[in-house]
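Step one of this worksheet: look at the structure below.
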Amino acid sequence: MWWLDLKKKKLAIILIIVIFLLIAIPVLCQIFILNQNGNSLLPEKEKLREADYVHAYCKGVEEYVLPDKTRVDCLTETHACEFDWAKKWYEGFGQALWYAHNTGKKPCLVLILKSDKDYIYFNRAKILCDKYGVNLIEVKAKGFNN
């Protein structure tokens, strides 16, 4: 029964492709949404603002103004991204959903982490982002853990 072996091989190949896509899609989303070398594009100054990170990492329109006068930090072809400091994750989460609703794009929350201590906020955000389909991206601040 050679056709049974062929079916098993096809099924194994399909399973491998599905597993690869499940691993690759989140990584590819981050590559296409944000500049991967953003930290090297940050200005040389001691105290950086959220806007400095938006400017360095955004691969789209910065400060896109919606009809209600709110501003999307970074509007790409596929995502409406809100950048925020990790401890303000709850504000950024709501803004990302609002911007996505008003633009028809996918929601994206970019959290800027200053140190390992900020992972407590990142992990809280991850729970809700996973539940509500918000793409969550971490950016380590210049001088992370200093």
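Read-outs throughout are calculated quantities, based only on the coordinates presented, and are distinct from any laboratory measurement. What you see is a predicted model; the values in this text were computed from it and never measured. Every residue, glycine as well, gets a Cβ built from its backbone with ideal geometry; the counts of neighbours run over all protein chains shown.
Here are the numbers:
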read-out: Packing-based ranking, highest mean first, of 136-142, 79-85 given that Cβ atoms within 10 Å are counted; value: 79-85, 136-142
read-out: Size descriptor, Kirkwood hydrodynamic radius, that averages inverse alpha-carbon separations across the stretch 66-146, Å; value: 12.6
read-out: Protection-proxy order for peptides 71-77, 121-127, each taking the mean of Cβ atoms within 10 Å per residue, highest first; value: 71-77, 121-127
